[in-house]
Amino acid sequence: VAGRIIRTGFLPPDETSAALLSCHVMVMPYLDGVSLRRGTLMACLNHGRPTITTHPATPLTQLQHGQNIYLVPPDSPQALATAVKCLRKDPYQRKMIGDGAKAVSDIFTWDKIAVQTLEFFQRVIVNR
């Protein structure tokens, strides 16, 4: 595996985007589970990359195993390796998860976050 990992260091946004798009699969294990607050995950989803990561500590209804993400147990190198092998052999599943990732990322655009924030504060003011 080490021969297939490229350490880039800092990249400008356009080069970061190109690097992400060149990846067949993203592998992002976290001991404490995946979270929607992780910018690296959001970048992978936004680029439609099939991503293997660890089950979240609390349920995240937006992330659906096999539809827009591939979830494995935390601290399980064996499960991670099995997931990599599975997606490596199955281009259809990679595409399906990648397409699902891109679709789910659309709910996290800054425009949509701004609208949701505005709606939240409007409800707070009305219910005051």
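Coordinate-derived values only; no laboratory data. No experiment lies behind these values; they were computed from the predicted model shown. Backbone-built Cβ (ideal geometry, glycine too); neighbour counts: all protein chains shown.
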CD proxy, 222 nm, the chain: helix-only mean residue ellipticity via -39,500 (n - 2.57) per DSSP H run with n ≥ 4, per residue, nearest 500, stands at -15000 deg cm²/dmol
Shape verdict for segment 26-128, please, from the Cα gyration tensor: rounded (a/c under 1.5), prolate (a/b greater than b/c) or oblate. prolate
Ranked output for segments 117-126, 16-25, 41-50, 100-109 by mean other Cβ atoms within 10 Å, highest leading, reads 41-50, 100-109, 16-25, 117-126
What is the distance, in nm, between label points placed 7 Å from the Cα along the Cα-to-Cβ direction at ALA57 and at ILE113? 2.0 nm
Given H placed on each backbone N at 1.01 Å, which residues far from THR51 in sequence or on other chains put an amide H within less than 5 Å of it? MET26, TYR70
List, in order, the whole-Hz ³J(HN,Hα) value for each residue of segment 14-23 obtained from phi through the Karplus relation with A = 6.51, B = -1.76, C = 1.60 and θ = phi - 60°; use x for Gly and Pro. 5, 6, 4, 4, 4, 5, 4, 5, 7, 8
Trypsin sites (Lys or Arg not before Pro) within segment 1-68: DSSP coil, no more than 15 neighbouring Cβ in 10 Å: ARG7, ARG37, ARG38
Once phi for every residue in segment 110-124 is put through the Karplus expression 6.51 cos²θ - 1.76 cosθ + 1.60 (θ = phi - 60°), the whole-Hz ³J(HN,Hα) values, with Gly and Pro written as x, are 4, 4, 5, 5, 4, 4, 5, 5, 4, 4, 4, 5, 5, 5, 4
For the pair LYS102/ARG37, report the inter-label distance in nm, with labels modelled 7 Å from Cα in the Cβ direction. 3.0 nm
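Just to confirm a number: summing +1 for Lys and Arg and -1 for Asp and Glu over residues other than LEU118 whose beta-carbon lies under 12 angstrom from that of LEU118, what do you get?
Result for the neighbourhood of LEU118: 0.
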Please identify every one of the chymotrypsin sites (Phe, Trp or Tyr not before Pro) in segment 1-74 that sits in a loop by DSSP and has no more than 15 other beta carbons within 10 Å of its own beta carbon. PHE10
